[in-house]
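Only one structure is covered here, and it is reproduced in the block below.
Readers should treat all values here as calculations from the given coordinates under stated rules, not as data from a laboratory. Small disclaimer: the values here were computed from a predicted structure and weren't measured. Note: ideal-geometry Cβ built from the backbone for every residue, glycine included; neighbour counts use all protein chains shown.
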Amino acid sequence: MTQTITYKRPIFRVLSRRVAEPRRFIQVVTGPRQTGKTTLVRQLMEEKGTGYYASADEPALKSRLWIEQQWETARIKTLKKPRRKGLLILDEIQKVSGWSETVKRLWDGDTVKNVNLHVIILGSSPMLIQKGLTESLAGRFEIIPVRHWSYSEMKDAFGWELEQFLYYGGYPGSASLINDQKRWRRYIFDSLIETTVSRDVLLMVRIDKPALLRRLFELGCLYSGQILSYQKMIGQLQDAGNTTTLAHYLDLLKGSGLITGLPKYAGQAVRQRASSPKLLVLNNALMTAMSHLSYDEARQNSEFWGRLVETVVGNMLANNIIGKDMQLYYWVERNREVDFILARGNDIVAIEVKSGRMRTALPGLEFFARTFPVKKKLLVGTGGIPLNEFLSMDVEMLMR
């Protein structure tokens, strides 16, 4: 990261409490790149006054032997001070082939021998981490999702105003660079986009068309906040393959914390999966960096700024339902649209965003409520919940 961050995120308290408990589970901390996972555990080590940290995110290819070596080092430190809890932190462990089987064997061995070694695993590829957990570590782990930084967190840590957050997004490592926009944009490209698209995603599964994956990412940034059918995507992309490939690549980008495609709410899962997605970047910095509009140019462009507003509402919801029993959709019918549908079981909250941008569809809250049982109808923006207040809310509150 480009600067030392002393601010402790609310998620820090969750992790600190888990480690303070008796040794029961491996704590698995997952989330996108540059969201402060490593800073989080280093703060934890400082607070606890103990810990051994090792990262597999280095050029040299790591093997399962590397995991054993790091584990043994942490064991020795723990056994030297038997009255204190030991703490082992393994970062980017998903880059080690077969990591989960090795972790299972070592964890179970410590359990039998009553070695009081707490283990934290970090990974910036939730999809790849999840695969290893379900294959080998069932019943032995708890997941702590680390999300993109919220408006409240960027405000508390760096004193940002709402307009700064709308444009520069929620990457803490970029906060010190915003007065040099060329350098800030270079950081977003090199440290985030290039690293994630060109390296992290390729680790998940075999990608037959990496150029298509990159173009799909660019298209998602260009059309963030807009509904775009897979057929239209094929028309926009060269060598686009078929809709199944595009849907799969979009899932990979979502798993990396870059872009998601919201399904249309239809009350029927089959129809939802077949719908045209509403593209949404999960951090506004991705959208603005790819636009090549300066901060001042973006503020003067009412259409683009309106899309930033709608996008930030969407990614606030999408990021904050992670790990919760909630789903996020959009809805459109007969040229009437509801920007976002938040659902949990039979409870439905319909959200309209008044962003100031020109729309191709009419507001559809009342129309939607005639078809589906809506618990709440919310307006965010002018005449409704102020944007800064909404971005500071807990999604659980919206469902009450």
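Would you mind getting me the FRET efficiency between Asn179 and Ser55? Use the beta-carbon distance for r and R0 = 45 Å, nearest 0.05. Walk me through the numbers before you get to the answer.
Numbers: r = 30 Å, r/R0 = 0.68.
The computed FRET efficiency comes out at 0.90.
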Given Lys155/Lys354; Lys37/Lys155; Lys8/Lys77, which pairs have Cα atoms separated by over 25 Å?
-> Lys8/Lys77
Cβ-based exposure ranking for Thr245, Thr78, in which fewest neighbours within 10 Å come first = Thr245, Thr78
Roughly how large, in nm² to one decimal, is the mean projection of the convex hull of the alpha-carbon atoms in the chain?
-> 20.2 nm²
How much length is gained on full extension from Asp325 to Ala211, taking 0.36 nm per residue of separation minus their Cα-Cα distance?
-> 37.6 nm
Taking the range 10-145, the equivalent ellipsoid from its C-alpha gyration tensor has semi-axes in Å, biggest first, of 20, 18, 15
Cross-link list Lys80/Lys113; Lys62/Lys85; Lys104/Lys131: which exceed 19 angstrom alpha carbon to alpha carbon?
-> Lys62/Lys85
Partners for Lys375 among aspartates and glutamates (Cα-Cα distance below 13 Å; same-chain residues under 8 apart left out) = Asp347, Glu366
Each label point is 7 Å from the Cα along the Cα-to-Cβ direction; what then is the distance between the points at Glu163 and Ile234, in nm?
-> 4.4 nm
Expressed in nm to one decimal, what extension gain is obtained for the pair Glu47 and Arg24 from 0.36 nm per residue of sequence separation less their Cα-Cα distance?
-> 6.2 nm
Take every Cα pair under 8 Å in the chain that's 6+ residues apart, average their separations, divide by the length, and report that relative contact order as a whole percent.
-> 14 percent
In nanometres, the difference between 0.36 nm per residue of separation and the alpha-carbon distance of Leu79 and Ser392 is 108.2 nm
